[in-house]
1. Applying 1/(1 + (r/R0)^6) with R0 = 35 Å to the Cβ-Cβ distance of V307 and E29, what FRET efficiency is obtained, to the nearest 0.05?
2. By its C-alpha gyration tensor, with a ≥ b ≥ c as the square roots of the eigenvalues, how is region 29-312 shaped: rounded for a/c under 1.5, else prolate for a/b larger than b/c, else oblate?
3. So for region 29-312, averaging the separation of alpha carbon pairs under 8 Å that are six or more residues apart and normalising by length, what relative contact order in percent results?
4. So what J values fall out for region 292-309 if you push phi through Karplus, 6.51 cos²θ - 1.76 cosθ + 1.60 with θ = phi - 60°, rounded to Hz, Gly and Pro as x?
5. Provide the gained length on full extension for the span W20 to N193, in nm with one decimal, where the gain is 0.36 nm per separating residue minus the Cα-Cα distance.
6. Pairing the Cα long axis of helix 274-285 with the longest principal axis of the chain, what angle in degrees results, from 0 to 90 and rounded to the nearest 10?
7. In nanometres, what is the gap between the two model label sites at A13 and S258, each 7 Å from Cα along Cα-to-Cβ?
8. For the chain, with only Lys/Arg (+1) and Asp/Glu (-1) charged at the beta-carbon, what is the dipole magnitude about the Cα centre, in debye rounded to 20?
Amino acid sequence: MKWKFDWFLVGMAVAVALAWIFPHAGSHEGWMNPDLINKMGVALIFFLNGVALSFSALKAGTLRWPLHLVVQTATFLLFPLIGLAALWLAGASVSPALGLGFFYLCALPSTVSSSVAMTAAARGNVPAAVFNATLSTLIGVFVTPLWVGLVFKGSGHGMQLDKVILDLVIWLILPLIAGQFCRPWLAVWAQKNKPLIHVVDRCTILLIIYTSFCDSIERGIWSGRGTHAVAVALMGACGLFALVFFILLTAGRLFKFSVEDRITAVFCGSKKSIASGVPMAQLIFGADPRMGLILLPLMIYHPLQLVICGVLAGRWGGRPDAKT
């Protein structure tokens, strides 16, 4: 398989490095005013996603309900239950912030663009992938904060769930709807400028990652735990991906899915969205100085899923046309 340079993965490392060098600028006391600029960035991301979302492609994938049920159950039930079990097993050996970040990763919706792209590369059911990925994003606006609120409550922390969901609706759902409303006028422009939209989307996420780490570094959250936190997050991400991947492969065979549907189930059900996860974290956790630690598991899981699924997409895409 031919490897492509991914500037976004490098950009994540650069954003963290800049936060270590210039932490004050992006902190909540800094001149960048991250609260406002991050919310505006979140709204822009979801507006552009609304403009680019083809309703006809979404409609074409609605009929495979057993497949959709498996994917959404894995995303919003299997993952969080694994996360709860991991928190219980880890106990006090993992810092509360890192444990919350690992569970937050488990509660997130699936990716959209990479799930669809890799399903297409592997010759899976692309319309079903579009439907599942989009449905996952919409469900996640409500289910993700509910799961996170449950863990917050269990850990003795308070969380204004109604305010969090209202913020998510205002800054995520309404811009998405506005993008769909503007689609008749902007769809052609969006189709021609996909690379530009992709760059704006990714640069906004990098900005939020930068400001999130700035606050953590300014307040000394990483002091004495950087290497250990990365090692724990890496092991947790690898174990989580392997377990869910195996369960989804097994479920596809048990339900006698076609090869195309099994590919879609695995690629859509095993992924977690950094495009939704970083903006949602900004709205859910707000000014929490531990944001860098909370985002760490997601930032490790993201490249891990891309590398593994990219290799598998290349292998499965080269299979013979005969059914297996």
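1. Numbers: r = 37 Å, r/R0 = 1.07.
Calculated transfer efficiency: 0.40.
2. Details: a/c = 1.75, a/b = 1.16, b/c = 1.51.
Note, shape of region 29-312 comes out oblate.
3. Numbers: 356 pairs, mean separation 100.0, N = 284.
Contact order relative to length: 35 percent.
4. Result, ordered by residue: x, 5, 5, 7, 4, x, 5, 5, 7, 5, 4, x, 4, 5, 5, 5, 5, 5 Hz.
5. On the way: separation 173, 0.36 × 173 = 62.28 nm, distance 3.37 nm.
Between W20 and N193, full extension yields 58.9 nm more.
6. Approximately 40 degrees, to the nearest 10.
7. The modelled label-to-label distance comes out at 4.1 nm.
8. Numbers: 23 positive and 12 negative charges, 220 e Å.
That gives the chain a dipole magnitude of about 1060 debye.
Readers should treat all values here as calculations from the given coordinates under stated rules, not as data from a laboratory. None of the values given here were measured: they were computed from a predicted structure. Cβ atoms come from the backbone with ideal geometry, glycine included; neighbour counts cover every protein chain shown.
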